[in-house]
Amino acid sequence: MLLLGARVVAQVPDTPIIRYQDTAHPVYGAAGMVASQNLYASKAGADVLAAGGNAVDAAIAVSFSLAVTLPRAGNLGGGGFMLIHDSATGENTSIDYREMAPVGATRDMYLDKEGNVDRNRAMFSHLASGVPGTVAGLYQAHQQFGRLPWKRLLEAAIAQARYGVPVSFDLAEMLKSRQLRMCRNAATCGYFYKDGGEPYAAGELLVQSDLADTLERIANEGPDGFYKGKTAELIVDEMKRGGGLVDAESLVAYRAVDRKPVSGTYRGYEVVTMSPPSSGGVHVLQMLNTLEHFPVAEFGAGSADSIHLLAEVARLAYADRSEYLGDPDYYDVPVEWLISKEYGKELAATIDMRKARESTDVAPGVAPQPESPDTTHFSVIDADGSIVATTTTLNFSFGSAISVAGAGFLLNNEMDDFVSKPGVPNAYGLLGGEANAIAAGKRPLSSMTPTIVLADGQPWFATGSPGGSRIITSVLQMLVNVIDHGMNLAEAVNAPRMHHQWLPDILQLESGFSPDTVKILRERGHAVQESRSSMGSVQAVGFRDGVFRGASDPRRPNAASVAPAAATQ
Ligand code: GLY
């Protein structure tokens with residue numbers, strides 16, 4: 001073991017290229033950088049960069065590797081958003097491969113006879129799954145930007161699944177804590193537990209042969225290896241066994257979509273981020289436009305003024321989220337208004353720095369974060385300065401906990417990100433209405449917020465986070481920490497986080513804020529609650545002063561920023 005700063009990290013003998021991040025400094029490199037939630041996935045991406053691949057190639061390799069090494073969030077059975085800045089053209093683009101509601105989905109599909117939301121059906125049944133988008137999205141990214149052959153990008157993931165990867169501490173802990181739910185499904189239990197349901201210990205090899213076969217079909221046939229043929233048959237059979245809706249017609253109909261990212265400026269820097277069906281990008285820009293009217297740098301990082309202001313802007317943004325955000329193909333989201341400088345100014349004028357506002361219509365007794373929020377983010381920058389920010393998810397850790405028997409992968413429970421019934425919060429305590437009602441072919445509203453910041457047209461850093469509803473505030477604080485408070489990527493990632501989402505009207509704080517600050521916040525009227533879990537897991541890469549940088553959040557174990565081999569020898 002290697003002890004650096006406050007972190008203990010495993011020494012991996014076959015990876016001399018890895019440099020470890022301490023608490024104050026990012027990892028440095030000379031020819032690109034990959035930051036992800038798993039060391040072996042970051043290494044797969046760095047190897048692709050070293051082999052001449054570009055940032056999109058590396059991102060595809062990381063994503064497939066995470067489907068093997070981080071089964072709680074990396075996925076074939078889920079979806080995500082990939083945000084790309086192409087250095088050759090200076091263009092920004094994004095690929096939306098969010099899950100789609102299956103053809104047979106209906107608005108009231110999760111209501112029981114009494115009209116109440118059946119939470120189990122919405123979260124842990126075959127009905128909880130939308131049509132997976134990951135394979136289609138990664139293939140689309142490759143068609144548009146890829147440099148290395150598609151098959152090359154799946155090599156690491158196939159080898160990791162076929163011959164096994166050491167189970168990370170993070171995975172071992174998660175498998176232990178989720179055993180009951182996971183072993184309700186025989187296929188899931190068989191794939192992720194030893195005979196008899198015993199969890200793997202950290203360091204033991206997890207071999208995933210069915211997953212390796214599925215990855216090989218995708219390597220050989222592209223999306224047809226997933227949406228048609230054997231894999232599709234296995235998915236449809238699984239759905240028939242469990243009464244789910246993802247049928248052959250829904251699979252063939254799946255489309256990843258190119259979306260124009262939303263963008264704006266913050267204190268002179270260009271912020272490029274994800275458009276709907278992400279709510280994150282719109283609200284990060286809205287909150288930055290509001291913050292711009294306050295001397296945030298003067299307030300100081302972690303001060304009561306800073307936290308109070310962040311809570312007030314978040315309260316306003318999340319209230320708008322519940323009303324206006326949904327799939328833009330089904331609902332006319334007023335994006336331009338929400339991200340306009342005028343609206344930011346209007347909102348700023350309503351904020352009282354001495355007193356917390358009350359969130360109207362507080363829903364009593366809504367527990368925040370009943371479920372560990374999960375999703376994963378990774379960022380890549382290549383030697384040419386192309387930069388990719390990708391957030392991908394099954395929704396909860398391990399999604400619905402149901403695997404496609406014979407195909408080796410878990411299914412998402414993303415349908416819970418729709419509004420099952422107006423006024424009834426989803427698993428993240430988020431409310432919504434018509435804009436996010438269920439309809440066949442529609443994409444559920446997401447909080448995933450992959451974001452790129454440019455300085456003078458050149459990429460500065462890319463960032464993003466898991467964390468359900470806390471994704472948006474985690475990304476916002478990353479931007480404020482770097483831009484306003486002048487922190488480097490590692491300091492910005494490590495700084496304690498707050499969260500407010502309008503309803504429930506609670507200001508959640510991680511540990512690390514001073515008792516004096518907490519006291520002042522209470523005096524201003526905030527219902528402060530110490531968060532039961534840490535917030536987010538930011539993976540950031542960047543380029544500054546001629547050096548590539550990477551920072552992986554210390555909040556969850558086994559994340560790593562890795563530079564390509566040539567860069568650090
Ligand atoms: N499932 C989490 C999100 O997309 O926001």
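Both numbers refer to the Cα atoms of the range 478-565; Rg and Dmax are 15.6, 53 Å. Compared with the direct C-alpha span, the chain from Asp112 to Ala253 gains 47.9 nm at full extension, assuming 0.36 nm per residue. The value for the range 319-358 of Rg(Cα) / (2.2 N^0.38 Å) is 1.46. With the simple spin-label model, which puts each label point 7 Å out from Cα in the Cβ direction, the Glu298 to Arg181 separation comes to 4.7 nm. With the highest mean first, a sort of the peptides 76-83, 243-250 on other beta-carbon atoms found within 10 angstrom per residue produces 76-83, 243-250. Overall shape of the range 74-162 was characterised from the C-alpha gyration tensor. The equivalent ellipsoid obtained from it has semi-axes of 35, 18, 9 Å, in decreasing order.
Size descriptors for the range 120-221, from the alpha-carbon set: Rg then Dmax equal 16.1, 46 Å. With each label modelled as a point 7 angstrom along the Cα→C-beta vector, the Val424-Asp237 pair spans 3.4 nm.
Between Glu91 and Gln143, how high is the FRET efficiency from 1/(1 + (r/R0)^6) when r is the Cβ-Cβ distance and R₀ = 25 Å? Nearest 0.05. Using R0 = 25 Å, I get an efficiency of 0.95.
Separation of the range 294-318 from the range 494-569 is 15 Å, based on Cα centroids.
I need the fraction of alpha carbon pairs in the range 37-81 separated by more than 17 Å, rounded to a whole percent. Tail of the P(r) past 17 Å holds 27 percent of the pairs. Counting every other Cβ atom within 10 Å of each residue's Cβ, Glu342, Glu114 order from fewest to most as Glu114, Glu342. Of the peptides 176-186, 322-332, the ranking by mean beta-carbon count within 10 Å, highest at the top, reads 322-332, 176-186.
Kirkwood radius and radius of gyration were both taken over the C-alpha atoms of the range 386-481, and their ratio Rg/Rh is 1.05. Charge tally around Gln458: other residues with Cβ under 13 Å, Lys/Arg +1 each, Asp/Glu -1 each, net -4.
Looking at the P(r) of the range 224-267, how many percent of alpha-carbon pairs lie beyond 12 Å? Of all Cα-Cα pairs in the range 224-267, 67 percent lie more than 12 Å apart. With the biggest extent put first, the Cα atoms of the range 388-441 measure 38, 31, 23 Å across the principal axes. Here the dipole of the range 230-370 is about 300 debye; that uses its Cα centre as origin and unit charges on the Cβ of Lys and Arg (positive) and Asp and Glu (negative). Rounded to the nearest whole angstrom, the semi-axes of the ellipsoid equivalent to the chain, taken from the Cα gyration tensor as √(5λ), stand at 33, 29, 22, largest first. Grouping the Cα pair distances of the range 25-175 into 5 Å bins from zero gives a pair-distance distribution of 2, 9, 15, 17, 17, 14, 10, 7, 5, 3, 1, 0, 0 percent in increasing distance order.
For the range 176-244, place one equal point scatterer on every Cα, skip the solvent, and apply the Debye formula. What is log10 of I(q)/I(0) at q = 0.23 Å⁻¹? After summing over all Cα pairs, the log10 values are -1.02. Extents of the range 212-294, taken as max minus min of Cα coordinates on every principal axis and listed largest first, are 56, 30, 22 Å. Spin-label pair Asn120-Asp516: with each label point 7 Å from Cα along the Cα-Cβ axis, the two points sit 5.3 nm from one another. Counted by Cβ distance under 11 Å from Leu411, the other residues give a net charge of -3, where Lys and Arg count +1 and Asp and Glu count -1. Relative to one another, the C-alpha centroids of the range 52-96 and the range 401-422 are positioned 21 Å apart. In this entry, the range 279-334 is assigned a mean projected area of 4.0 nm², taken as a quarter of its C-alpha convex hull surface.
When the P(r) is computed for the range 127-185, the part past 12 Å accounts for 79% of the Cα-Cα pairs.
Laboratory data are not the source of any read-out in this text; all were calculated from the coordinates shown. These figures come from a predicted structure and were not determined experimentally. Because the Cβ atoms are built from the backbone with ideal geometry, glycine has one as well, and the counts that use them run over all protein chains shown.
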